[in-house]
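Read-outs: derived from the displayed coordinates by stated rules, not from any lab. This structure is a prediction, so every number in the text was calculated from the model and none was measured. Using ideal geometry, Cβ is built from the backbone for each residue, glycine included, and neighbour counts are taken over all protein chains shown.
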Amino acid sequence: MEIQRKLAILADAAKYDASCASSGTEQRDSRDKKGMGSTAPGMGICHSYAPDGRCISLLKILLTNACNYDCLYCINRASSNVQRARFTVEEAVKLTLDFYRRNYIEGLFLSSGIIRSPNYTMEQVVRVAKSLREDHHFRGYIHLKTIPEADDDLIAEAGKYADRLSINIEVPTETSLSKLAPEKDVRAIRRTMGRMRLKLDETDAAKTEKAATRFAPAGQSTQMIVGADSSNDRTILETSANLYASYRLKRVYYSAFSPIPDASLKLPLQAPPLMREHRLYQADWLMRFYGFGIGEITDPLEGGMLPLDIDPKLAWALRHRGRFPLDVNKASREDLLRVPGFGVKAVDSIIAARRFSTVGIDDLGRLNISRRKALPFITLAGHRPAPSQLDSNRLLNLFRPKASQLGFAF
Ligand code: SF4
């Protein structure tokens with residue numbers, strides 16, 4: 001099979017993986033002319049977009065889309081009627097270098113279906129990264145998917161060459177995993193995440209020593225498919241919170257389930273709205289950076305689901321109107337972080353600014369704060385919301401997207 005054809009098949013097969021961020025790794029470049037590539041953005045890197053709008057700035061491919069497993073939600077499952085292809089290690093290396101030289105990508109995201117055995121598959125994946133780093137002195141970003149049942153040595157070797165390692169938790173609960181991917185074992189997945197966490201901790205502890213071994217400086221991440229089972233958003237966020245706390249994950253990626261051809265009856269017929277994925281990312285940030293607890297983010301009256309029409313922080317504020325309006329010049333950082341429209345940066349700038357002067361309404365624009373969202377919830381120099389505004393039933397309508405009539409098709 002021609003390499004172009006393989007690329008078409010194996011890049012298409014990889015597009016369901018959402019993990020494409022390259023932030024947070026060590027900074028490397030090749031200005032010393034002893035290698036090629038750089039992990040720093042802004043070097044003329046081209047970004048491309050998957051059909052569903054996700055950013056793909058890495059060459060994102062599978063080494064093969066053949067797989068021994070039969071995970072029902074996966075287009076590459078053993079029983080799927082798709083054309084199969086496989087790159088050799090040399091082909092994957094060459095493609096990465098060619099794409100890099102043409103400035104199409106900033107690095108490689110490599111995953112694979114499981115062939116022969118988990119160890120064999122992991123070995124092949126590691127060989128690509130090893131060859132890029134050692135034979136070609138490639139200094140760009142490398143993200144490798146790890147195979148849960150692979151041996152420790154292989155995971156350690158993967159971490160030596162990759163910037164980030166990830167292993168997919170797949171679905172939010174163990175029950176769903178055993179129903180939809182019976183060959184996968186949640187304990188094996190968590191064990192491997194635990195081993196990677198230990199390696200990351202060891203590497204951090206040894207950072208001061210010159211001979212410290214390198215291990216995935218951009219850490220580990222995972223992906224969860226949303227909408228392939230009946231888990232609500234609260235369950236999904238609980239699983240994420242547990243993963244962040246237990247395994248020092250950098251990111252949990254949420255990937256809206258895409259219906260696949262000849263799908264099992266155990267799967268839903270329709271994809272969830274893409275907005276659900278977006279709201280989960282927003283809720284994930286509220287947990288990690290804004291001090292919100294899971295129980296606060298989702299509303300039990302909504303069946304543990306996040307609203308789709310407004311963002312979760314605004315929804316929380318509307319459910320807790322008694323806590324507003326907040327005096328921007330006096331409120332604590334924790335309270336300011338809960339004001340709709342206030343980001344972490346803006347809050348820190350407000351706190352820095354108010355040491356020297358009173359923050360007024362004109363400062364909001366300079367801090368990139370949406371006045372429409374924030375003004376009903378705050379008081380500050382030059383602004384006090386009308387007392388009735390916060391209590392009004394119509395406040396929610398201010399924020400809802402305007403309904404628009406469907407156009408006629410001529
Ligand atoms: S192991 Fe991975 S590639 Fe294979 S069927 Fe499951 S999800 Fe798909």
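Figures for the structure shown
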| quantity | calculated |
| --- | --- |
| Fraction of the pair-distance distribution of the stretch 356-399 above 17 Å, Cα-Cα pairs, percent | 35 percent |
| Above-threshold pairs, the threshold being 24 Å between Cα atoms, out of Lys15/Lys313; Lys199/Lys250; Lys6/Lys179; Lys15/Lys345; Lys94/Lys250; Lys330/Lys373 | Lys15/Lys313; Lys6/Lys179; Lys15/Lys345; Lys94/Lys250 |
| For Leu59, residues with placed amide H under 5 Å, excluding near neighbours | Glu106, Gly107, Leu108, Phe109 |
| Loop sites in the stretch 209-288: GluC sites (Glu not before Pro), DSSP, at most 15 other Cβ within 10 Å | Glu209 |
| 0 to 90° range, to nearest 10: angle between helix 3-14 axis and the chain longest Cα axis | 40 degrees |
| Sequence of Val82, Val328 once ranked by neighbouring C-beta atoms within 10 Å, starting from the fewest | Val82, Val328 |
| Partner aspartates and glutamates for Lys34 [C-alpha distance under 20 Å; skip if fewer than 8 residues away on the same chain] | Glu26, Asp98, Glu106, Glu134, Asp135, Asp163 |
| Ratio Rg/Rh [Cα only; Rh per Kirkwood] for the chain | 1.01 |
| Rounded to 10°, Cα long-axis angle of helix 89-101 versus longest principal axis of the chain | 50 degrees |
| Sparse-neighbourhood loop sites, trypsin sites (Lys or Arg not before Pro) in the stretch 256-351 - DSSP loop, at most 16 other Cβ within 10 angstrom | Lys266, Lys330 |
